[in-house]
Amino acid sequence: MKSIEEILQERILVLDGAMGTMLQRYKFEEEDFRGDRFKDWKHPLKGNNDLLSLTQPEAIAEVHRKYFTAGADIVETNTFSGTTIAMADYHMEDLVYELNYESARIAKEVATEFTEKEPHKPRFVAGSIGPTNKTASMSPDVNDPGFRAVSFDELRESYKEQVEALLDGGSDILLVETIFDTLNAKAALFAIEEVKDERNIEVPIMVSGTITDASGRTLSGQTAEAFLISISHIPIISVGFNCALGAKQLVPHLEVVSAKTSYGVSAHPNAGLPNAFGEYDESPEEMASQIKEYVEKGLVNIVGGCCGTTPDHIKAIADLVKDYAPRKLTVDSF
């Protein structure tokens, strides 16, 4: 079977859409999140989507299946908040290894099922590594700018446990995503390099930042180019942006990164900007018509969807990109 690095040279790869958007359709209540195993848990669990990999595994598998059926080459594990730092909100730090392992195992099982049916289109699992709910670069206390809620080492240790479990569960790729603070991302990338060294393995790594507003900067103040430079010391297969903005608003930032890097470029934008109720209104057709600009300009190698996107959005994107060549990679990119 061809490696993902080889396939990236040949065609544009399609990433899945939003897991949270799909899980909302199930209308799970507190007891659904708890299942039998956690029915006596002392703290509220509704909203802990990562936990559903343990209590509603069939729903998670079904979401992956829908995205693969829609044309995705890569699905992300249900582990966006799968660190001890983020799981502290639910007092579930001790479950982090199991949550990540099971999420990766479920996704890998579904990916294998599709690859066996369509060997010409191998499916991959990206272990999703989210930003955590703390930032290493900024103070959460306006009265104490020097205060930090988390240290680099705390982040590194937390990410390391997540990375080990994602790999043990069968992830093919590690995706450090929705990066609003590059120092957090550096801790994640450092942890990945540590695990690679300890295990003497190579793992494809994708890095995806998030531009938070019209200023064109990440939350910790970096421009697209500065973000690229600050993570370029790590061997990765792609760099790009996701979340926060719709497809149209991402174009200038993708142009900057595409012009400056020899890595692959990825984009998985939201289905437009949220409305007054925090919902996303952009139809699959509208979103695909905006992503057409990415492929006509030769800006991307990997494209998918973030908040508000569904299998219908991914199908529209997959149908579009199959007719376009991927952005050219230099031979020594990998």
**Prompt:** For GLY264, which sequence-distant residues (separation of 5 or more, or a different chain) have an amide H within less than 5 Å of its own amide H, given hydrogens modelled in the peptide plane?
**Reply:** SER238, VAL239
**Message:** Suppose each label sits 7 Å from its Cα in the direction of the beta carbon; what would the ARG25-GLU113 distance come out to in nanometres?
**Reply:** 1.6
**Prompt:** How about LYS121: which lysines have a C-alpha closer than 20 Å to its C-alpha, ignoring those fewer than 8 places off in the same chain?
**Reply:** LYS2, LYS66, LYS108, LYS315, LYS322
**Item:** Unit charges on C-beta of K, R, D, E only; dipole of the chain, Debye
**Value:** 680
**Request:** Express as a percent, rounded to the nearest 5, the fraction of DSSP beta bridges in the chain (both residues included) that run antiparallel.
**Result:** 5
**Prompt:** If the cut-off is a Cα-Cα distance under 26 Å, which lysines reach LYS39, setting aside same-chain residues fewer than 8 apart in sequence?
**Reply:** LYS27
**Asked** How are the Cα pair distances of region 1-41 distributed, in percent, across 10 Å bins from 0?
**Response** 21, 25, 19, 19, 15, 0
**Request:** Answer with one residue from GLY35, PHE190, SER289: the one whose Cα lies farthest towards the positive end of the charge dipole of the chain, charges on Cβ with Lys, Arg +1 and Asp, Glu -1.
**Result:** SER289
**Among THR218, ILE231, PRO204 the positive-end extreme of the charge dipole of region 185-260 (Cβ point charges)** = THR218
**Request:** Using the Karplus curve 6.51 cos²θ - 1.76 cosθ + 1.60 with θ = phi - 60°, work out ³J(HN,Hα) for each residue of region 69-86 in order, rounded to whole Hz, and write x for Gly and Pro.
**Result:** 4, 6, x, 5, 8, 10, 10, 9, 5, 7, 9, 4, 10, x, 10, 4, 5, 6
**Item:** Estimated vicinal HN-Hα couplings, Hz - region 266-279 in sequence order (Karplus 6.51, -1.76, 1.60; Gly, Pro = x)
**Value:** 10, 8, 9, x, 6, 7, x, 8, x, 7, 4, 9, x, 9
**Prompt:** Which residues in region 251-272 have a backbone N closer than 19 Å to a point placed 7 Å from the Cα of LYS328 along the Cα-to-Cβ line?
**Reply:** 255-266
**Item:** Tail beyond 15 Å, pair distance distribution of region 184-269 (Cα, percent)
**Value:** 56
**Asked** What does the convex hull of the alpha-carbon atoms of the chain project to on average, in nm²?
**Response** 16.6
**Request:** Rank-order 263-270, 225-232 by packing density, defined as the average count of other C-beta atoms within 10 Å over each peptide's residues, highest first.
**Result:** 263-270, 225-232
**Cα→Cβ-extended label distance, 7 Å offset, between PHE277 and GLU93, nm** = 3.9
**Message:** Students often check this: by mean Cβ neighbours within 10 Å, which of 96-106, 70-80 ranks highest, and how do the rest follow?
**Reply:** 70-80, 96-106
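What does the charge dipole of region 223-321 about its Cα centre add up to, to the nearest 20 debye, if the Cβ of each Lys and Arg holds +1 and the Cβ of each Asp and Glu holds -1?
Working: 5 positive and 11 negative charges, 79 e Å.
In debye, rounded to 20, region 223-321 gives about 380.
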**Message:** On a straight-distance basis, which lysines could pair with LYS134 in a cross-link, Cα separation under 23 angstrom, same-chain partners fewer than 8 positions away excluded?
**Reply:** LYS46, LYS160, LYS186
**Request:** Run the quick spin-label model on PHE190 and ALA226: label points 7 Å from Cα toward the beta carbon, then report their separation in nm to one decimal.
**Result:** 2.0
**Prompt:** In deg cm²/dmol and to the nearest 500, what is the mean residue ellipticity at 222 nm of the chain if only DSSP H runs of at least 4 residues count, each as -39500 (n - 2.57), divided by the residue total?
**Reply:** -13000 deg cm²/dmol
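What net charge is computed for the residues neighbouring VAL265, neighbours being all others with C-beta under 12 Å from the C-beta of VAL265, Lys and Arg scored +1, Asp and Glu -1?
Working: positive: LYS260, LYS297, ARG327, LYS328; negative: GLU255.
Result for the neighbourhood of VAL265: +3.
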**Prompt:** To the nearest 0.05, how large is the calculated FRET efficiency for ARG11 and LYS260 if R₀ is 25 Å and r is the Cβ-Cβ distance?
**Reply:** 0.65
**Peptides 208-216, 49-57, 35-43 ordered by average Cβ neighbours within 10 Å, highest first** = 49-57, 208-216, 35-43
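Each reported figure results from applying straightforward, stated rules to the coordinates on display, with no laboratory input. Quantities reported herein were computed from a predicted structural model and do not represent experimental measurements. Neighbour counts run over all protein chains shown; Cβ positions are idealised from the backbone, glycine included.
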